[in-house]
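> Got a structure for you, written out below as structure tokens; questions coming shortly.
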Amino acid sequence: MLNSLSDRELLLLKDERAFKVLYERYWSPLYRKAIVRLGNVEDTKDVLQEIFISIWNNKEEIQIEDSLGPYIFTALKFAVIKKIDRDSKRGIVHPLNIEDIEKVHLSNEEVIHYKELEKLIHKEVEALPERMKQIYLLSRNAQL
């Protein structure tokens, strides 16, 4: 019965069973996106747990039209950025290469988007002054 309800209807119920349906609906696609960037199962699970806890705690304030998808994937993007930023300050480097991404089951569209992003990053790195480019490449490729 609850599975047939829209995300908005489930969120409006403010019920643990309805929330479980939302969790089951979004956990797997969120996991696939997060694991690609974080490269670590435990970090990925932690980030997803934070997102779902936040949604549950703020369920009265969340305004969506029909689908929770755009909201939750935006939350994931910012949670991953926050995690990477915290880790980078502690010297932890997360993978960012197409070989790691291809190990995870992604849709063709997601791989294409990632390759486009990789090309844009490469173009921007090439536009950096020589010394900045050298420092960037050493930090990303040699973990120095």
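The values are calculated or read from the model by the stated rules, or taken from the named source; none is laboratory data. Since this is a predicted model, take the numbers as computed values, not measurements. Don't worry about glycine lacking a Cβ; one is built from the backbone with ideal geometry, like all the others, and counts go over all protein chains shown. For accessibility, only protein heavy atoms count, side chains too; no ligands or nucleic acids. Shrake-Rupley method; radii C 1.70, N 1.55, O 1.52, S 1.80 Å.
> Quick one: check the C-alpha center-to-center distance for the stretch 5-57 versus the stretch 71-90, whole angstrom.
After rounding, the separation between the Cα centres reads 15 Å.
> When ligands, DNA and RNA are left out and all protein chains stay put, how many square angstrom of accessible area per residue does the stretch 10-86 have with a 1.4 Å probe?
About 58 Å² of surface per residue is accessible.
> How much length, in nm to one decimal, is gained on full extension between Ile112 and Lys89, taken as 0.36 nm per residue of separation minus their Cα-Cα distance?
Value of the extension gain: 5.3 nm.
> Something else: In 5 Å bins starting at 0, how do the alpha-carbon pair distances of the stretch 17-89 split up by percent?
Bin by bin from 0 Å, the calculated values are 3, 15, 29, 26, 15, 8, 3, 0.
> How much accessible surface does Leu128 have with a 1.4 Å probe, in Å² rounded to 10?
Rounded to the nearest 10, the figure is 50 Å².
> Here's something else I'd like to know. What distance in nm separates the simple spin-label points at Lys45 and Tyr136, each placed 7 Å from Cα in the Cβ direction?
Taking the simple label geometry, Lys45 and Tyr136 are separated by 3.6 nm.
> Calculate the spin-label point distance for Tyr23 paired with Ile121, positioning each point 7 Å from the Cα along the beta-carbon direction, and give it in nanometres.
In this crude label model, Ile121 to Tyr23 measures out at 3.2 nm.
> Separate question: For the stretch 1-85, which whole-number percentage of the solvent-accessible area (1.4 Å probe, protein heavy atoms only) is attributable to carbon and sulfur atoms?
The value for the stretch 1-85 is 52 percent carbon and sulfur by accessible area.
> Continuing with this model, one more query. Reachable aspartates and glutamates from Lys20, Cα under 16 Å, same-chain residues fewer than 8 places away excluded?
Hits, sequence-local ones excluded: Asp7, Glu9, Glu50.
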